[in-house]
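The values are calculated or read from the model by the stated rules, or taken from the named source; none is laboratory data. Since the structure is predicted, the reported quantities are computational estimates derived from the model, not experimental observations. We place every Cβ from the backbone using ideal geometry, glycine too, and count neighbours over all the protein chains shown. Only protein heavy atoms, including side chains, enter the accessible area calculation; ligands, DNA and RNA are left aside. Shrake-Rupley method; radii C 1.70, N 1.55, O 1.52, S 1.80 Å.
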Amino acid sequence: MYTDTAHVDPPSILQSAFSGEAPPLLAHKALRRDEFWREIPGYSNVSEADFRSHLFQQKHAVTNVRQLRDTLGQLVEDSFFEDLSAGMHHAPMALRISPYLLSLIDWSNPLGDPIRTQFIPLRSQQQPDHPMLRFDSLNEQGDSPVPGLTHRYRDKALFLPIDSCPVYCRFCTRSYAVGTDTDLVGEKLKLHASLARWDRAFEYIESRPELEDIVVSGGDTFNLKADHLQLIGERLLKMPNIRRLRFATKGLCVMPQKILSDNAWFDALTRVVELSRKLHKDVVVHTHFNHPNEITGITHDAMNRMTERGIVVRCQSVLQRTVNTEPSIMQLHVRRLSYINIHPYYVYFHDMVPGVEDLRTTLQTGLDLEKHVRGATAGFNTPAFVVDTMGGGGKRDAHSHELYNRKTGIAVFTSPSVRPGKKFLYFDPLASLDEEHQWRWSQPLERRAMMDEALDAVNA
Ligand code: SF4
């Protein structure tokens, strides 16, 4: 059962992750195989068989502060729950976290834990938004010919068949539509699973011969019913113009149990992949891990099952302050993903979305980090560090900025093949700037002047 070659006990894993030093040579192979969930009072009597079932994980997902308090008991102080209750009022995403993720949090240090940081908002850590932040910052709705379908790149479209996920990430780019309504966002755009809505998307895709590549995302494809997953996959693959499909799911990270125990869903995915081979087309899974602590022996078992079925998995990570900006953490992350056969594909700079300014980093942070990651493993397992430009310019290599003023925190990108002639701005977090420039950002006229100056410099 416990087959990983270099077992290290859990405290050592956490220490190596936070030490700031280069990770030990074989640390990426040290995956947790202990019954870590039994340290949580609410799960102390949960058997391994139950914990490895997706039904247990789904049924016991924590969705409010009272449930979290009941589950954690005396593990944390009352002030933590007060901090969380206050934080929820300023959060773009509702609370939803699986027992699996909850059990991977180091509850002796919840304020500093990288998994807690991503899923449980605390008022004491939230920061004022940058004035240029906005919902749907990537302008997905502006590029939508039908609801739930974004067509921005010439040959590729993003299809959103569902608006729910097995967990809710604080930093979700699609907080304008994903999950239940929140105080901060108000009423969200609804993209519920609907055959009628999907038909409109299919008709559009079929009518555009230049479209070859469809990303099926959400929400999360983990939440699609098995027959719906198969229907979507087969319908798209049978279109003559479509050559490639990507199913996007964070599920492998937050609930790998589903791959191990939801045979109907996993078989449906397998059938779609097999059909793609018969048709000489390509179907892969895109997933989303951000920190090496998210990868355990259960993830490895799930990925082994994916590998046995020949399903290729790539990872898109999001750069987040205090989560994965340390070189040792990102190196370990990339090597651990590679070890379990997940290709690290992208590291995104944090999108400019409201409510999570505490998680954003400067452009320089990512540029420096990339130098440490490149060379840590093979090139094909080295992610590209990209900025998904605000306003719909698409993804740009972070190094390809036309200008980067570290005083004002403004970077300018161009995107000749997506939006010829247009310029796109990215902004460092205000807290990273000196006092003078923080003041300038607080003044609307100064703000405009700084942006005009950056744009003029690129035009010159
Ligand atoms: S799983 Fe993806 S779509 Fe769902 S909340 Fe997280 S980032 Fe957003």
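Secondary structure note: in the chain, about 40% of the DSSP beta bridges are antiparallel. Considering only Thr173, Ala268, Trp107, the residue lying farthest towards the positive end of the dipole of the chain is Ala268, judged by Cα position with unit charges set on Cβ. In this view, the solvent-accessible surface of Leu84, computed with a 1.4 Å probe and all protein chains in place, comes to about 0 Å². Sorted on the mean count of surrounding Cβ atoms within 10 Å across their residues, most packed first, peptides 303-309, 244-250 read 244-250, 303-309.
In this calculation the C-beta distance from Arg271 to Ser85 is compared with R0 = 35 Å, giving a FRET efficiency of 0.20.
Checking the table Lys156/Lys422; Lys190/Lys238; Lys29/Lys258 against a 25 Å threshold on Cα-Cα, which pairs fail? Cα-Cα > 25 Å for Lys190/Lys238; rest within. Answer with one residue from Cys253, Pro240, Gln67: the one whose Cα lies farthest towards the positive end of the charge dipole of the chain, charges on Cβ with Lys, Arg +1 and Asp, Glu -1. Highest projection toward the positive end goes to Pro240. Taking the centroid of alpha carbons for each part, segment 63-135 and segment 294-352 are 23 Å apart. Here each label is just a point 7 Å from Cα along the line to Cβ, and for Asn405 and Ala22 those points are 3.9 nm apart. Size descriptors for segment 150-300 (Cα atoms only): Rg and Dmax, in that order, 15.6, 48 Å. DSSP finds beta bridges in segment 149-395, and of those with both partners inside it, around 15 percent are antiparallel.
Probe radius 1.4 Å, ligands and nucleic acids ignored: give me the carbon and sulfur share of the accessible area of segment 363-426 as a rounded percent. Of the solvent-accessible surface of segment 363-426, carbon and sulfur hold 51 percent.
Here the Debye sum runs over all C-alpha atoms of the chain as equal scatterers in vacuum, and log10 of I(q)/I(0) at q = 0.06, 0.10, 0.14 Å⁻¹ comes out as -0.25, -0.74, -1.53.
Average projection, convex hull of the Cα set of segment 236-292: 4.5 square nanometres.
Residues of the chain: accessible area per residue at 1.4 Å, in Å²?
Accessible surface, normalised per residue, equals 40 Å².
If you bin all the Cα-Cα distances of segment 35-125 at 5 Å, starting from zero, the percentages per bin are 3, 14, 26, 28, 17, 9, 4, 0. Amide H contacts for Thr389 (H built 1.01 Å from N in the peptide plane; partners 5 or more residues away or on another chain; cut-off under 5 Å): Gly394, Lys395, Arg396.
Were the residues from His280 through Asp227 laid out at 0.36 nm apart, the gain over their Cα-Cα distance would be 16.8 nm.
At 222 nm, what value in deg cm²/dmol follows for the chain if DSSP H runs of at least 4 each add -39500 (n - 2.57) and the sum is divided by all its residues, to the nearest 500?
It lands at -10000 deg cm²/dmol.
Solvent-accessible area of Thr325, all protein chains in place: 30 Å² (probe radius 1.4 Å, heavy atoms, ligands and nucleic acids excluded).
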